[in-house]
Amino acid sequence: MFEIVEKKDLHETICLIKVTAGLIASKALPGQFVLIRIDEKGERIPLTIVDARDGLLTLIFQKVGKTTVHLGTLSKGDSLADVVGPLGKPSEIKKYGTVVCIGGGIGIAEEYPVARAFKEAGNYCISIIGARTKSLLILEDEMRAASDELLITTDDGSYGVKGLVIDELRKIIDRGKPISLVMAVGPVVMMKAVAEVTRPYGIKTLVSLNSIMVDGTGMCGACRVSVGGKTKFACVDGPDFDAHEVDFDLMIGRLKMYLADEKRSLEEFTKKQAVHS
Amino acid sequence: MNSDKPKKKLILERQKMSRQDPLLRSKNFKEVALGYTDEEAVVEAVRCIDCKKPLCIDGCPVEIDIPGFIRLIQQRDFLGSARKLKEKNSLPAICGRVCPQEDQCEKVCLVGRKGDPIAIGRLERFAADYERRIGNVEVPKLPAPSGKRVAVVGSGPAGLTIASDLAKMGHDVTIFEALHSIGGVLRYGIPEFRLPKAVLEAEVDYLRKLGVKIEKSFVVGRLRLLDEFLMDGFDAVFVGTGAGLPYFMGVPGENLNGVYSANEFLTRVNLMKAYLFPDYDTPVVVGKKVAVIGAGNTAMDAARCALRLGAESHIIYRRSREEAPARKEEVENAQEEGVQFHFLAAPVDVLGTPDGWVRALRLIRMELGEPDDSGRRRPVPVKGSETEFDVQTVVVAVGQGPNPLVPSTTEKLEVNKKGCIVADPATGETTKKGVFAGGDIVTGGATVILAMGAARKAARAIDKYLEGEFEGKYWSPTASSSSALEQ
Ligand SMILES: Cc1cc2nc3c(=O)[nH]c(=O)nc-3n(C[C@H](O)[C@H](O)[C@H](O)COP(=O)(O)OP(=O)(O)OC[C@H]3O[C@@H](n4cnc5c(N)ncnc54)[C@H](O)[C@@H]3O)c2cc1C
Ligand SMILES: Cc1cc2nc3c(=O)[nH]c(=O)nc-3n(C[C@H](O)[C@H](O)[C@H](O)COP(=O)(O)OP(=O)(O)OC[C@H]3O[C@@H](n4cnc5c(N)ncnc54)[C@H](O)[C@@H]3O)c2cc1C
Ligand code: SF4
Ligand code: FES
């Protein structure tokens, strides 16, 4: 079970893996995620189901800390101890009209299944994807296929338009064509910025919140976020929420909760790796 | 010993059970209570006067033959004693450790009227441990397979109990558990120092020997719905998903960094072994000073874990010591280890640092007023009595509600106002045909033994149902047939 049958590096820091998980793959819907644990001592971390077919789950992750770095060292033929899911409420896919799908950085991987589903549901799908620099831009071809229009930004101008995804979003809004929905996934500061752009226009805006999770079933409360002044659990009430209601600052704070420990954990892991190789 | 004499000369004092030294144990996660030696157990067992009308049995939610198992300890037939226990209780090594005996069997024990009641819990634990230590766990001969399949959702005490009962009745049982590990609260909530995981493992092994199948990391309501189980060829389903939804206090600042629900704190520590970080990957952040809000078993466990992680640990409770719902023994253990108690105080605010971490609690003093619905005197805040209490970590242990995942994804499964599944206490029957429920998901947070008792009753009902001899009281045949027509 949970064997890695394919692995691809999309960038030095971004990997794609395909994992066997038949039942989960048969059930997964856009917007849902799994929690994985590499081995007995491992942490449970959430990853979006980018694609699910033929009994395989496609996961794309960025190596940011101990678990994702460790995951990046695994190869084809290795197995994961657990994959649990599909978790979270699926994104609400229906015909809205014109939707704008925004993905930033690794968030593109999370936006992709939703964009594809929007398009399949008959929406006019405008996608904006952005990254710090060209080499970090993932799934361009896939996003192009899933969109009626694709706009690309890079912070350094190495590809597409130099700037931020919200600059492109503003331009689209300025075109004056009504937008039924904006869906954004990426760094929290990006999602916050998107919310601020659409708020004055009253455009319905959804974000997928990447809070820290443990069980993913509503039991621990680790993933709690404040939405419309109420405490919600991202794993069962979300991960999609109305961007205009989310307390992003609180969320940014909570994502920093384990910084010191994470740093230590990663250091010890790299040291061990160095000894082994 | 002459059979008449000891009755006249009661041994009033119970045998002490040795425990790890408080100073030592407050720094490790090894079991606190060490259990009786054979000799101690026999001496304690001899105190039992083998009442003609043993009140202790009435005090036990699963009606263990208490004088019976104690008599076998007197006769040094320890294995026999363990087997006698298992006739009524499938998890004696667990119950002997975590049951609130002082409110159940021991409360009504006759000997308790003149001195200390018989240490029934400790003896239960002794016998069960003996069996496990000797490695002579007997698996009963199973009846011929009935050909019926039952899905058990959740692997807490309720799920474990019903799975073993139904397997012993010849049914094909599969447990579906959301976490990667079996045991429910016994696994993720109750710490190693109170319930060693090896004890739980032995129970899980026993289930496997009975032929029970176990699917871990399987979230029912997401990966598969209850209705799909029924369509997949399961003849009945038992829901024992527990009360795992953490309640918060609803005070400002509660989402600051450093504020944990007890569930998250305990799950990180116990299930994910954060106390072994960074050897294990999951961290837990514990400041120099920790405040745990509440005084139930959950609160004691959290406070004692915090202490073991090196913090100064404080319990803050809005009522007085008398109302504290935790087991007395655990309150004493906590106190001995150095947990500090603040009664009649409640947080009104969690105060933060500029970068979003907990800095202090604002506490208000409480007075006890008139008794409320629970019969306990209601705490009333004293105006103007707020003080600041510096802490870096806050653990909220003010109770938990039923997990909504299964009810919210199942049609025709009725829940009450609190979100608990409505089920007949005598049979576990729910409003949905073929679905039974028991344990905390029905009662709200209760006890291990009550969850087991409910599961036992549901096992009998399900057995009858599978034989076609169970008349559902709540199933509405009209409702289900009309929806069948719609389809
Ligand atoms: C529903 C959901 C879906 C996700 N999908 C994906 C995905 O498809 N691909 C992907 O690469 N990542 C995804 N994430 C984020 C991913 O879970 C984290 O990157 C991962 O947990 C980091 O683990 P680590 O041990 O490697 O790093 P850690 O050592 O735990 O953390 C390293 C750094 O990552 C940041 N971080 C920690 N946890 C998270 C988190 N949950 N979200 C964002 N940043 C975090 C911290 O700020 C920290 O500085 C998702 C998160 C959620 C909640
Ligand atoms: C910290 C703590 C300490 C306690 N101490 C004591 C004590 O000393 N003595 C005592 O008698 N009682 C104690 N209790 C209470 C006791 O543990 C519970 O009453 C008992 O565990 C309830 O059993 P249960 O089987 O109903 O549910 P649980 O033990 O809660 O088990 C439910 C299981 O179902 C699983 N589940 C939930 N949803 C799903 C789903 N959708 N799909 C699949 N699986 C699912 C959960 O992961 C869990 O494993 C304590 C409770 C806590 C939290
Ligand atoms: S009530 Fe006490 S003394 Fe009497 S049989 Fe039960 S345990 Fe023994
Ligand atoms: S991750 Fe535990 S409640 Fe959401």
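Things worth noting here:
- Contact with the other protein chains removes 50 Å² or more of accessible area, compared with the isolated chain and a 1.4 Å probe, from these residues of region A:207-244: A:VAL214, A:THR217, A:MET219, A:CYS220, A:ARG224.
- Taking only the alpha carbons of chain B, we obtain Rg and Dmax values of 23.6, 75 Å in that order.
- Against the rule of thumb 2.2 N^0.38 Å, how large the Cα Rg of region B:63-147 comes out: 1.19
- The residue among B:VAL358, A:ILE106, A:LEU169 whose Cα reaches farthest toward the positive pole of the charge dipole of the protein assembly as shown, with charges on the beta-carbon of Lys, Arg, Asp and Glu, is B:VAL358.
- The listed residues B:TRP475, B:TRP357 rank as B:TRP357, B:TRP475 when sorted by accessible area, largest first, using a 1.4 Å probe.
- Greater than 18 Å apart at Cα, pairs in A:LYS66/A:LYS272; A:LYS134/A:LYS162; A:LYS76/B:LYS216: A:LYS76/B:LYS216
- Spatial offset of region A:247-277 relative to region B:21-48 amounts to 41 Å, using the alpha carbon center of each.
- In Å, descending, principal axis extents of the Cα set of chain A: 58, 39, 38
- For region B:188-264 versus region A:44-87, the gap between their alpha-carbon centres in whole angstrom: 23
- Note, ³J(HN,Hα) from phi for region B:429-441, Karplus 6.51, -1.76, 1.60, rounded to Hz, x at Gly and Pro: 4, 9, 7, 10, 4, x, 10, 10, 8, x, x, 4, 5
- With Cα atoms, 0 to 90° folded angle of helix A:165-174 axis to chain A main axis: 20
- Averaged over the residues of peptide A:35-46, the number of Cβ atoms from other protein chains lying within 10 Å of each residue's Cβ is 4.
- Within the accessible area of the protein assembly as shown, the carbon and sulfur atoms contribute 51%, probe 1.4 Å, all protein chains present.
- Gyration tensor (Cα) of region B:143-195, equivalent ellipsoid semi-axes in angstrom: 26, 11, 6
- Other-chain or far-sequence residues with amide H under 5 Å of B:ARG19's (modelled H): B:LEU34
- Ranking A:PHE118, A:THR68, A:LEU16 by how far each Cα lies toward the positive end of the dipole of region A:1-141 (charges on Cβ) leaves A:PHE118 at the top.
- The Cα-based radius of gyration of region A:111-261, divided by its Kirkwood radius, gives an Rg/Rh of 0.98.
- Using the Karplus relation 6.51 cos²θ - 1.76 cosθ + 1.60 with θ = phi - 60°, the per-residue 3J(HN,Hα) values for region B:189-200 come to x, 6, x, 3, 6, 10, 9, x, 5, 4, 5, 5 Hz, with x marking Gly and Pro.
- For the peptide B:255-266, the mean number of other protein chain Cβ atoms found within 10 angstrom of a residue's Cβ is 5.
- At a probe radius of 1.4 angstrom, the accessible area of region B:33-171 per residue rounds to 39 square angstrom.
- Degrees separating the helix A:259-276 axis from the principal Cα axis of chain A, which is the longest one: 50
- Where only DSSP H runs of four or more residues are counted, the protein assembly as shown gives -9000 deg cm²/dmol as its mean residue ellipticity at 222 nm, each run worth -39500 (n - 2.57).
- The charge dipole of region A:1-44, taken about the Cα centre with unit charges on the Cβ atoms of Lys, Arg (+1) and Asp, Glu (-1), comes to about 200 debye, rounded to the nearest 20.
- For region B:281-410, the Kirkwood hydrodynamic radius from C-alpha pairs, put into Stokes-Einstein at 4 °C and a viscosity of 1.567 mPa s, yields a diffusion coefficient of 82 µm² per second.
- The charge dipole of region B:49-98, taken about the Cα centre with unit charges on the Cβ atoms of Lys, Arg (+1) and Asp, Glu (-1), comes to about 120 debye, rounded to the nearest 20.
- For the pair A and B, total buried accessible area rounded to nearest 100 Å², probe 1.4 Å: 3700
- Looking at region A:12-127, the accessible area is 33 square angstrom per residue; that uses a 1.4 Å probe and ignores ligands, DNA and RNA.
- Positive minus negative residues near A:GLY163 (Lys, Arg vs Asp, Glu; Cβ under 11 Å): -1
- Using the Karplus relation 6.51 cos²θ - 1.76 cosθ + 1.60 with θ = phi - 60°, the per-residue 3J(HN,Hα) values for region B:338-345 come to x, 5, 9, 10, 10, 8, 6, 9 Hz, with x marking Gly and Pro.
- Ranked by solvent-accessible area (1.4 Å probe, protein heavy atoms only, all chains present), the residues B:TYR474, B:TYR275, A:TYR124 order from largest to smallest as B:TYR474, A:TYR124, B:TYR275.
- Computed from the C-alpha gyration tensor, the three semi-axes of the ellipsoid equivalent to region A:31-155 are 28, 18, 11 Å, from longest to shortest.
- Length, then width, then depth: along the principal axes, the Cα atoms of the protein assembly as shown run 99, 63, 61 Å.
- Protein-protein interface of region B:277-310, residues with accessible area decrease of at least 30 Å², isolated chain reference, 1.4 Å probe: B:PHE277, B:PRO278, B:ASP279, B:TYR280, B:ASP281, B:PRO283, B:VAL285
- About its Cα centre, the dipole of chain A is roughly 260 debye, where the only charges are +1 on Lys and Arg Cβ and -1 on Asp and Glu Cβ.
- For B:VAL152, residues with placed amide H under 5 Å, excluding near neighbours: B:THR174, B:ILE175, B:PHE176, B:PHE238
- Interchain or long-range residues, amide H under 5 Å from B:ILE315's placed H: B:VAL292, B:GLN340, B:PHE341, B:HIS342
The values are calculated or read from the model by the stated rules, or taken from the named source; none is laboratory data. Computed from a predicted structure; not experimentally measured. Cβ: placed from backbone, ideal geometry, glycine included. Neighbour counts: every protein chain shown. Note: accessible area is taken over every heavy atom of the protein model, side chains too, but ligands, DNA and RNA are not part of it. Shrake-Rupley method; radii C 1.70, N 1.55, O 1.52, S 1.80 Å.
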